[in-house]
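Single-structure report; data block below.
The values are calculated or read from the model by the stated rules, or taken from the named source; none is laboratory data. What you see is a predicted model; the values in this text were computed from it and never measured. FYI the Cβ positions are ideal-geometry reconstructions off the backbone, even for glycines, and counts take in every protein chain you see. All accessible areas refer to the heavy atoms of the entire protein, side chains included, with ligands and DNA or RNA removed. Shrake-Rupley method; radii C 1.70, N 1.55, O 1.52, S 1.80 Å.
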Amino acid sequence: MKIKKRWIALMAGMTVIALAGLFVDEPSFTCDWEKISGADVAWLITATIFVLMMTPGLSFFYGGMVGAKNVISTMLQSFIAMGLISVLWVVVGFSLCFGDDVGGVIGNPLSFPMFRGVGANLYTTPAGYVLGGSTIPLALYALFQMKFAIITPSLITGSFAERVRFSAYLFFMMFFFFAIYCPLAHMTWHPEGLFCRMGVVDFAGGIVVHASSGVAALAGAIFLGRRQRATRSSEPANIPFVLLGAALLWLGWFGFNAGSSLHADGQAVKAFLNTNTASATAMMTWIFFDCLRGRKPSAMGAAVGCVVGLVAITPSAGYVTVGQSIFIAFATTLVCNVVVYWRSHSRIDDALDVFPTHGTGGIVGTVLTGVFIQDGLISGTQEGVVVFLCHVAAVVFVFVYTFAMSWAGYWLIDRVLPMRVSAYSERVGLDLSQHDEHYGLAHIGDRELAEYEEHIRGER
């Protein structure tokens, strides 16, 4: 069988990385316990595990929503990020996000190449900031941040589900990581980053993770176009998968938000409390609002609602009161529910409503963060107005920059390797056409199966 050039290129890149790893010295992993807090280390290891668990949770969440012919492909698109982004993060991603500042927009790629110098030591930037705090090893901070980088491109996949070419998606994931995620993470979370210096607060990823992925998803849905409309096979394949995925996301989000305090302290407890409260509020708000609009209470609505609440509280979880977290979740849920309705009556085929939930939730949550943080609009001072306007400006910049760069990425990759699968592949389903696997033959029509078997014989 002919080996396609894209797989040769990807394997060649993996080979170069493997060989380069032989020439990198390992840093020391001996802790100076006079500086390192054992409690903080234990909590951040636990939180890091929780955040990683969110990605397979997202696989179930998305996988249950698509048609039965696309369950495996949709789940794999999330799951594969744990491999690809982990490797890129060690090679150069951590340097680009948290390396020595270059112009407030990106890190020096030579700061920590192949994790050189990333061990149990602390690291002080040239400007005198201790990167990642002064009580946890730099390697642990890097691993915690890696999990955020993993789940962000995974979120995008729900928008172009059931029609994207797997290999093209891998290339787009790399493009998004380098061109969008790394600059936004540096600007927002590096102490010398542009947004950070402006006073923009993003406790755990409202704009870095959710707004960026949601806007990239919107661009992808528009660029790839609408799916073929057909049959009952496009109905959700497994709603219990959706509930399981939502439960894993809810659980993992405690590490996502509470872990972002970087300490086992009161702020972590506050973020934990606000996270759970916001998710519960949003779930019930979504259900009640659906019923007010004449719909029946649904498992899908409960699952989507709880995730919207988690997204909404992410940028402010460690800063606002529990009462404010209820209001933020309530208001954001109403907006997201309306945007989902609007999207469903538009020509935009965002298959799993990534922009209406994650994108809109991250944007609204960030704007409300500028309202409710201590030095924000609620303070009633001139400085509070400036802080609020800085949050609005950051949201506008992220939307424009992410949409433009994502569109450029889709366009460039599509010129070399078509982003969208053929009509045949979409008809038989991506599980078979892209991966030669299936969720169950009972979900595949006889005609489609015969067409697939004839296609395979032709390839051989």
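Some observations on this one:
- Scope the stretch 329-356; condition more than 19 Å from the chain's Cα centre (by Cα) and not in a helix (DSSP H, G or I); matching residues: H345, S346, R347, I348, D349
- Check on I413, open to solvent by less than 40 Å² (accessible area, probe 1.4 Å), in a helix (DSSP H, G or I), β-branched (V, I, T) and modelled with pLDDT under 95: no
- All positions within the stretch 327-352 that are within 14 Å of I222 (Cα to Cα) and either buried (at least 23 other Cβ atoms within 10 Å of the Cβ) or in contact with a Ser or Thr (Cβ under 7 Å, 6 or more places away or on another chain) (or both): D350, A351, L352
- Per the listing M53, M114, M75, the residue uniquely open to solvent by 30 Å² or more (accessible area, probe 1.4 Å) and more than 22 Å from the chain's Cα centre (by Cα) is M114.
- Annotation note: of G361, G365, the sole residue that is closer than 22 Å to R293 by Cα, small (G, A, S), open to solvent by less than 50 Å² (accessible area, probe 1.4 Å) and at pLDDT 95 or above is G361.
- Selection count, the stretch 17-36, where residues are among the aliphatic types (A, V, I, L, M), assigned to a helix (DSSP H, G or I) and surrounded by 11 or more Cβ atoms within 10 Å (Cβ to Cβ): 2
- With respect to the conditions (1) open to solvent by less than 40 Å² (accessible area, probe 1.4 Å); (2) in a helix (DSSP H, G or I); (3) in contact (Cβ under 8 Å) with a residue 60 or more places away in the chain, W7 falls short on a single one, namely (1).
- A282 falls short of the stated requirement of being in contact with a Phe, Trp or Tyr (Cβ under 6 Å, 6 or more places away or on another chain), of a type in the set (A, V, I, L, M) and open to solvent by less than 10 Å² (accessible area, probe 1.4 Å).
- Scanning the stretch 48-105 for residues that are touching a residue at least 24 places away in the same chain (Cβ under 8 Å), within 25 Å of H186 (Cβ to Cβ), hydrophobic (A, V, I, L, M, F, W, C) and not in a helix (DSSP H, G or I) yields I80, V105.
- Restricting attention to the stretch 240-253, the residues that are crowded, with 20+ Cβ neighbours inside 10 Å and either under 21 Å from I373 (Cα atoms) or out of contact with any helix residue (DSSP H, G or I) (no Cβ under 7 Å at 6 or more places or on another chain) (or both) total 1.
- If you check V371, V395, V421 for being touching a Leu at 6+ places or on another chain (Cβ under 6 Å) and either closer than 20 Å to H210 by Cα or crowded, with 17+ Cβ neighbours inside 10 Å (or both), only one passes: V371.
- Residue count for the stretch 93-105 satisfying the condition of being buried (at least 22 other Cβ atoms within 10 Å of the Cβ) and over 15 Å from A139 (Cβ atoms): 2.
- Here A303, A268 are screened, and the one residue that is under 18 Å from T357 (Cα atoms) and open to solvent by less than 20 Å² (accessible area, probe 1.4 Å) is A303.
- Here L19 qualifies as of a type in the set (A, V, I, L, M) and free of Cβ contacts under 8 Å to residues at least 24 places away in the same chain.
- Flag if T48 is touching a Leu at 6+ places or on another chain (Cβ under 6 Å), among the β-branched types (V, I, T) and closer than 24 Å to D265 by Cβ: yes
- So E437, is it at pLDDT below 90 and either part of a loop (DSSP other than H, G, I, E, B) or in contact with a His (Cβ under 6 Å, 6 or more places away or on another chain) (or both): yes
- The listed residues are P191, P183, and the only one of them that is open to solvent by 10 Å² or more (accessible area, probe 1.4 Å), farther than 25 Å from G309 by Cβ, at pLDDT below 95 and touching a strand residue (DSSP E or B) at 6+ places or on another chain (Cβ under 9 Å) turns out to be P191.
- V367 assigned to a helix (DSSP H, G or I), out of contact with any strand residue (DSSP E or B) (no Cβ under 7 Å at 6 or more places or on another chain) and within 20 Å of A302 (Cα to Cα): no
- Looking across the stretch 298-332, just one residue is among the hydroxyl-bearing types (S, T, Y) and closer than 21 Å to G64 by Cβ, and that is S298.
- Considering only residues in the stretch 285-298 that are of a type in the set (A, V, I, L, M, F, W, C) and free of Cβ contacts under 8 Å to residues at least 24 places away in the same chain, the one that is surrounded by the fewest Cβ atoms within 10 Å (Cβ to Cβ) turns out to be L292.
- Restricting S167, S159, S154 to those that are open to solvent by less than 10 Å² (accessible area, probe 1.4 Å), closer than 18 Å to A221 by Cα, of a type in the set (S, T, N, Q) and not in a helix (DSSP H, G or I) reduces the list to S159.
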